[in-house]
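> Okay, here's the structure, questions in a sec.
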Amino acid sequence: MTQTLSKSMSAATAAYAAFALAKPRHLGAAITDDRTGQERYDLVATTFGFRDLAVSIAALRGTPAVTQAAMLIRIGLDLSDGAMLAASAPTSKARQKVLAVTGAWAALNTAALVIDRRRAGRLGGTS
């Protein structure tokens, strides 16, 4: 099974992870205009960067079963990130933005995983 879409989403997530590590302030800047408030998100963004890079590498380099597991982990992380960031967002507009982005990323990862699994079923794949 090639898992083309899952691997593409994992590569995109790895690119985001590299960006998060290089510019951790991006997260706080997207959530609040308050500079002091932005600083509070630097450690979160750095943590997301290392975590997302590890999960993406597993998906890109692993067996088909590892790729599927990494995608399921990624989806769960997207949803938990949304819940955590929304709970700490200072305004309803920021909460909506956080939930839209994390929800969309979870949906894209879910679609990639489902389509890849369906394709594998049609091609006679077992994983």
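Just so you know, all these numbers are worked out from the coordinates, no wet-lab data involved. Please read all numbers here as calculations on a predicted model, not as lab measurements. Here the Cβ is made from the backbone with ideal geometry for all residues, glycine too, and neighbour counts use every protein chain on show.
> Does Ala87 fit the bill of being out of contact with any Phe, Trp or Tyr (no Cβ under 9 Å at 6 or more places or on another chain), part of a helix (DSSP H, G or I) and in contact (Cβ under 8 Å) with a residue 24 or more places away in the chain?
It is false that Ala87 is out of contact with any Phe, Trp or Tyr (no Cβ under 9 Å at 6 or more places or on another chain), part of a helix (DSSP H, G or I) and in contact (Cβ under 8 Å) with a residue 24 or more places away in the chain.
> Is there any pair with a first residue in segment 72-84 that is part of a helix (DSSP H, G or I) and a second that is of a type in the set (D, E, K, R) whose Cβ atoms are under 9 Å apart and which are 6 or more apart or on different chains, and what are they?
The qualifying pairs are Arg74/Asp52; Leu77/Arg51; Leu77/Asp52.
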